[in-house]
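What follows is a single structure, written as structure tokens, with notes after it.
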Amino acid sequence: MSNPQELLDWIDGELGCHLDEAGDDWIRKARAEVAGGVDDGRFAQLLALASRQARRRAADISSEGRSRAAELLAGWDPVAWSVLDLLRVSLVLSRDDLAEESGPRAILEAFRFGDVGELCALARALQFLPQPEAYLWQARECCRSNMNEVFEAMACDNAFPAKHFDEVAWRALVVKAVFISAPLDRVLGLDNRLSEDLARMALDLADERRSAGREVQPLLWMCLGRHGGQRALDSLEREVAGDSVAGRRAAALALSRAGEGQRLAALAAGESDPQAAAALLAAQDEAPTQAAFRAVLDCPLP
Amino acid sequence: MKYFDPHIHLTSRTTDDLEAMAAAGIRAVIEPAFWIGQPRTRIGSYIDYFSSLIGWERFRASQFGIAHYCTIGLNSKEANNEALAEEVLNLVPRFALKEGVVAIGEIGFDEITAAEEHAYRVQLEFAVQNDMLVMVHSPHRDKKRGIQLSIEIAREMGLGMEKLIIDHNNEETVDDTLRSGAWAAFTIYPHTKMDSARMVEVVKKYGPERIIVDSSADWGISNPLSVPETAALMESSGVDAETIRRVTWQNALDAYAQSGQIDVAALEAEAQIDQTRTFLDNSVLRGQQPERSVKS
Ligand SMILES: [Zn+2]
């Protein structure tokens, strides 16, 4: 597990500008109360009452803050965290029984009674906690949520799933992200957990979309890597010949990931969109990582 | 025009309704916890219902750019199942302090029984202790007496009258309600409550002070566009624009913003319609056109 004190220090640094004096006082007292031991009902109540101190607005974590976060937990990116997430995660980390039986019990109870914002914060807290197996069912449940915010809090920028999900859960997460157009490039560890099965599911989904006369989600092509064989290459060929600029760019990156980088120069020569052509040339030498797909969507991080 | 419908049971409404509401200018709603038609027999049913009010229904409304707030409480009808009611009363504090819960409600009287009064008092006490507002449902039958009693007990329990919203008023009850200092909400609901034409007359007679129009649209024959439609009738009947704005937007906002749970600045701003929103006030389009209400 991560060192809770280091994480709390990081949170304090980020919270600084967001809280007024009363809010600062409240969170200090609440953390001390949690650290001293509270019953499950009171713990859940404190998580709720945090919303009296801050709105669920973007915490706007600085780039230094994000780098420091990556040092504290490899891969973790707090880019989408809200101020309330900071408050609530700090309450979770203040528990002194996280390694005991009572810690997970209280946290799971808080999930059971959580509102949208609390569920997001709790989902974000899981990556830091010991006894991950205690939260596995709950983490999957978050991925089953119809509330996109909850799904994304668990699936994106979060180190938990790639580390702890089994194959079935992992593939369900990735394909759902494609399906609901969640930012798959921010599903941590995707590149390390590509597989034949995942590629097949993605290719099936692409076929379904085409049969229905709909555009394939550009990020779907991230799911292939070196998998999928000739079927993958055929499907990518079809995409690079298609009308969608984002689709062509993503498919070209995927071709490079599939070991077909030498084809990119030829594709670039025939590319009508100058930006897409430049991207193809850039991708021909080195197989792009999942992060490279963000540029395909041509939109900034939140 | 922008409208606030501070009483609607979206659990019972479809996405077609939400789409029509957004198109008609409804920017914010309050969904009070109430009876769902079929009596509940287990505490778990309440846990799931309350959870949906602070989770799923909020998300569903946000997909259409509608800010969704709710109230939590044990309704008067089900207060009469005394054993279960006791469990629900113990559950209410677990949900009532959540983000976006603007009041304890809708509570009050149905048949005016002792069990209803007990539940009402217990919840009033919680509201007073936690400095919360109270939304009172007034009964269909014996309404006048029900409202008088609701006000009397609330006052006796120490609730500030500015924190009390009495709903489902009509021509016969409005004087009592306004005289008490409470907010007087009117439900435009076909057949059993007010209709738009009568509402126009009430506003002409009493003016906009502390008067709120809502739809209470639910699982019965009801109209989720009651608020904008009544506003339109007021306009064509010569009611001035400022009065209309107050009874269909500002008064509800002033009343419920006392809870501290409404981000007024975000609400005054243009609605952000984004099915993949990450934050309540800050939508994040991610390049791919998100699909509305994808079932996953
Ligand atoms: Zn109602």
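Assorted remarks:
- Normalised contact order of chain A, rounded percent, pairs of Cα under 8 Å and 6 or more residues apart: 12 percent
- Filtered GluC sites (Glu not before Pro), the range A:52-131: DSSP coil and at most 15 other beta carbons within 10 Å: A:GLU100, A:GLU101
- Farthest positive-ward along the protein assembly as shown dipole, Cα basis, beta-carbon charges - from B:ILE66, B:PRO139, A:PHE43: B:ILE66
- Going from the residue with the fewest nearby Cβ atoms within 10 Å to the one with the most, A:MET147, B:MET234 rank A:MET147, B:MET234.
- Charge dipole (the protein assembly as shown, unit charges on Cβ, about Cα centre) - positive-most of A:ALA99, A:ALA155, A:ALA258: A:ALA258
- Dipole-positive endmost among A:ALA30, A:SER82, A:LEU190 within chain A (Cβ charges, Cα centre): A:LEU190
- Here the range B:3-268 is treated with +1 on each Lys and Arg Cβ and -1 on each Asp and Glu Cβ, and its dipole about the Cα centre works out to around 40 debye.
- Loop trypsin sites (Lys or Arg not before Pro), the range B:101-147, which have at most 14 other Cβ atoms in a 10 Å radius of their Cβ (DSSP): B:ARG141
- The Cα-based radius of gyration and maximum Cα-Cα distance (Dmax) for chain A are 21.3, 67 Å.
- Where trypsin sites (Lys or Arg not before Pro) in DSSP loops with at most 14 other Cβ within 10 Å are excluded, longest remaining stretch of chain A: A:1-213
- For the segment A:111-118, counting C-beta atoms of other chains within 10 Å of every residue's C-beta and taking the mean gives 6.
- The range B:202-211 - phi-based ³J(HN,Hα) in whole Hz, Karplus 6.51/-1.76/1.60, Gly and Pro as x: 4, 5, 5, 7, 9, x, x, 4, 6, 9
- Peptide A:76-84 has a mean shielding of 2, counted as Cβ atoms of other protein chains within 10 Å of each residue's Cβ.
- Rounded to the nearest 20, the Cβ-based charge dipole of the protein assembly as shown about its Cα centre (Lys and Arg +1, Asp and Glu -1) stands at 800 debye.
- When each of the peptides A:282-290, A:33-41 is scored by how many other beta carbons lie within 10 Å of its residues on average, the order from highest to lowest is A:282-290, A:33-41.
- Normalised by 2.2 N^0.38 Å, where N is the number of residues, the C-alpha radius of gyration of the range B:154-277 stands at 1.11.
- What you get for the range B:18-165, charging only the Cβ of Lys and Arg (+1) and of Asp and Glu (-1), is a dipole of about 340 debye around the Cα centre.
- Principal axis analysis of the Cα atoms in the range A:194-297 yields extents of 30, 27, 23 Å, listed in decreasing size.
- Along chain B, longest interval not containing exposed GluC sites (Glu not before Pro), exposed being DSSP loop plus at most 10 other Cβ atoms within 10 Å: B:1-171
- Ellipsoid equivalent to the range B:149-211 - semi-axes via the Cα gyration tensor, in Å: 22, 12, 8
- Rg/Rg_globular for the protein assembly as shown, with Rg_globular taken as 2.2 N^0.38 Å and Rg from C-alpha atoms: 1.06
- The value for the range A:1-144 of Rg(Cα) / (2.2 N^0.38 Å) is 0.96.
- Diagonalising the gyration tensor over the Cα atoms of chain B and scaling each eigenvalue by 5 before taking the square root yields semi-axes of 28, 25, 17 Å, largest first.
- Here is how the number arises for chain B: DSSP H runs of 4 or more residues each give -39500 (n - 2.57), the sum is divided by the residue count, and the result at 222 nm is -12000 deg cm²/dmol.
- Inter-chain shielding of A:41-48 (mean C-beta neighbours from other protein chains, 10 Å cut-off): 3
Since every read-out is calculated from the coordinates, none of them should be taken as a lab result. Source: prediction; values computed, not measured. Glycine also receives a Cβ, built like all others from the backbone with ideal geometry; neighbour counts cover every protein chain displayed.
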